[in-house]
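Reading through the structure tokens given below for one structure.
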Amino acid sequence: MNPKTVTYSNFVDLLISRVPELEPVAREHLEDNDELLPHLLVSDTLLFAEQAFAVEEFEVLGRLLSFLDEALTNGDERIEDAVALSFVENSEWWIPEKEGFLETWPAGLKAELELQRNWKPSSPPS
């Protein structure tokens, strides 16, 4: 099994190295919480991504989405979970106006999106 490249311990440093524009957000997060709370920080990256899309900062958006895609597909369990829930699920993908934003996503994020779109609750035992 290949080692995970994005882990709880290196997530913030990798995020800042790939998307330096997020450094103030990441530093504020660490100062406010005294530690990495992955779901909260990933939620902040969603807000940042939506804003970047809205103002057509597609180069910055692309770097962020590429990193989150890597975190989802090659992150440790805490990081994968944070991206799947706090980015993909919180993206409000069911709102038609979000479709343009969703179309910018790389393959791994889109695959998770499709899993969530197609999820059906299991039937209770008879």
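Here, each number is a calculation from the coordinates, and none is a lab measurement. What you are looking at is a predicted structure, and each value in this text was computed from that prediction instead of being measured. Ideal geometry is used to build each Cβ from the backbone, glycine not excepted, and the neighbour counts take in all protein chains shown.
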Taking the range 68-104 and the residues there that are among the hydrophobic types (A, V, I, L, M, F, W, C) and exposed (fewer than 14 other Cβ atoms within 10 Å of the Cβ), the one that is farthest from GLU114 (Cα to Cα) would be ILE95
Reported set for the range 70-123 where residues are part of a loop (DSSP other than H, G, I, E, B) and small (Gly, Ala, Ser) is SER122, SER123
Reported set for the range 27-50 where residues are part of a helix (DSSP H, G or I), over 14 Å from the mean Cα position of the chain (by Cα) and of a type outside the set (Asp, Glu) is ARG27, HIS29, LEU30, ASN33
Residues of the range 37-62 being crowded, with 18+ Cβ neighbours inside 10 Å and under 23 Å from LYS4 (Cβ atoms), in sequence order, are PRO38, LEU41, VAL42, THR45, LEU46, ALA49
_Regarding the range 50-64, can at least one residue be identified that is in contact with a helix residue (DSSP H, G or I) (Cβ under 6 Å, 6 or more places away or on another chain) and polar (S, T, N, Q)?_
no
